[in-house]
Amino acid sequence: MARILGTGIATLDIINTVDGYPAEDSEVRAVEQAVRLGGNTANTLGILAQAGHQCHFAGVLAGDMGGQRITAELTARGIGLEYARRMAGGATPTSYIALNRRNGSRTIIHHRDLPEFGMDDFMEIPVETFDWLHFEARNCDELAAMLAYARSMVRDQPISLEVEKERDGLEQLWDYPDIIIFSRAFARGRGFEQPQAFLAEARAWAPRAILILPWGDQGAWAMQGDALLHSPAFPPPEVVDTLGAGDTFNAGLIHAMLSGRALELAVEDACRLAGRKVGQVGLEGLFKPTAMAAGEYLCPLASLPDPGSRGLEVELDGAMRPIFIVRRGHTVKGYLNRCPHIGAELNWQPDVFLDADQRYILCAVHGALFTIEDGRCIAGPCRGEALTPVEVTVEQGHVVLMSSKKAGA
Ligand code: ADP
């Protein structure tokens, strides 16, 4: 698992759940109230910690009661605070949120009166010891210096930047990150209603970065070079709470990219995780492995290259198992990711299950080849044996897991 540094803000969220958003100058009674840890970076790190990553928060913690509560909550989530700046006084940033129970929408009033984390704090951090550096675009002058410093210290580790809101001096930041995640609100604020058009414009600001743009229930777009990618959203049966959807998306993206997933699949994983989030209240338990079971969408057909393959974890016979799906033309087949020879997983690289010619399934452990159509071994030490099929089908443009009957033991 990776060491991740998140530089940004941790807040206290006071969430009033209401039965409908009130009209201006009216009163409404909350049906529920919750006080929780919030802030984009704190949320994203909390979710990444659920996935087992070692996360560290670089931000300011006030000495008031809110600050003590935040400190306790971050610690309970396993987030390291040794690089945070702790103030003796100061007012904890607080967000007052009205969460509409009818449609999951959230309306937020922020109160902010705490100094920002700055370059002097950041210089104390051994940034080169981290596998991923994530930043939230806030105080741009200081952040530009932090990003420039980080860039000079790390070579291979990705630097991601989240741009949620308009801020003075944003243009100083574009040169440094490998990945820039914009928000829909930011794109709209710049006058764009079409994600594609926004990304084409943003490409001119940051010619080399991967650009990402989540777009609510329409999923997310990404731009790598000049290539535009899209993943649809994965709507839950009922949308109950969209608070933190973007933070969840960011965590899903970072986790998938750290796992070696190609960008297109990483964006899809991020949408899947965010889709799970909007179907539940709060941000807990997002990685519990229950998402893919019989009858569930595994992925959009369009996101499987043709020919191509992809690894997944699904629930079969009550247990989580690694499987992979392979596509050639209109045919999509699924198999347990287990070689009949020694029972090892077939792939060394994420999502790579085909040989160089993309004609056969390849066991990277000992070079055995299997047919795509029926998983029969035609070369290698297990010739004559076969992979264990997992029934999948294509429905309305999605690959769907059928049942576990054929999966075997
Ligand atoms: P933010 O929380 O920053 O406003 P978005 O609304 O853009 O974030 O949502 C982030 C991601 O959450 C989207 O890319 C999408 O995958 C998922 N998402 C948001 N709303 C829905 C929804 N109603 N149904 C399914 N997925 C959603």
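The values are calculated or read from the model by the stated rules, or taken from the named source; none is laboratory data. The shown structure was predicted, so the numbers you read here are calculated from the model rather than taken from an experiment. Methodologically, a virtual Cβ is constructed for each residue, glycine included, from the backbone with ideal geometry; neighbour enumeration extends over all protein chains shown. With ligands, DNA and RNA removed, areas are computed over all heavy atoms of the protein, side chains included. Shrake-Rupley method; radii C 1.70, N 1.55, O 1.52, S 1.80 Å.
The table for this structure:
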quantity: Net length gained if the chain between E201 and A91 were fully extended (0.36 nm per residue, minus Cα distance); calculated: 35.8 nm
quantity: Separation of the Q280 and V31 label points, Cα + 7 Å toward Cβ, nm; calculated: 2.1 nm
quantity: Mean separation of Cα contacts under 8 Å (6+ apart) over length of segment 299-409, as relative contact order %; calculated: 24 percent
quantity: Net length gained if the chain between R376 and R167 were fully extended (0.36 nm per residue, minus Cα distance); calculated: 69.4 nm
quantity: Additional length obtainable on full extension of the chain from E313 to R155, 0.36 nm per residue less Cα span; calculated: 53.7 nm
quantity: Taking segment 187-307 and dividing mean pair separation by its residue count, relative contact order in percent (alpha carbons under 8 Å, at least six apart); calculated: 20 percent
quantity: Value at 222 nm in deg cm²/dmol, rounded to 500, when DSSP H runs of n ≥ 4 in the chain each add -39,500 (n - 2.57); calculated: -6500 deg cm²/dmol
quantity: Per residue accessible area in Å² of segment 61-204, where ligands, DNA and RNA are left out and the probe is 1.4 Å; calculated: 48 Å²
quantity: Interchain or long-range residues, amide H under 5 Å from V390's placed H; calculated: G334, Y335, L336
quantity: Two-site FRET efficiency, S259 against Y21, from Cβ-Cβ distance with R₀ of 35 Å, rounded to 0.05; calculated: 0.35
quantity: At most 16 other Cβ within 10 Å, DSSP loop - trypsin sites (Lys or Arg not before Pro), segment 1-83; calculated: R29
quantity: GluC sites (Glu not before Pro) lying in DSSP loop within segment 193-273, provided at most 10 other Cβ fall within 10 Å; calculated: E193, E238
quantity: Where trypsin sites (Lys or Arg not before Pro) fall in DSSP loop in segment 184-268, at most 16 other Cβ within 10 Å; calculated: R190, R208
quantity: Pairwise centroid distance, computed over Cα atoms, of segment 333-400 with segment 174-205, Å; calculated: 39 Å
quantity: Residues whose placed amide H lies under 5 Å from that of T7, excluding near-sequence neighbours; calculated: A58, H134, F135, E136
quantity: Share of carbon and sulfur in the accessible heavy-atom surface of the chain [1.4 Å probe, %]; calculated: 50 percent
quantity: Accessible surface, segment 296-401, averaged per residue in Å² (probe 1.4 Å); calculated: 45 Å²
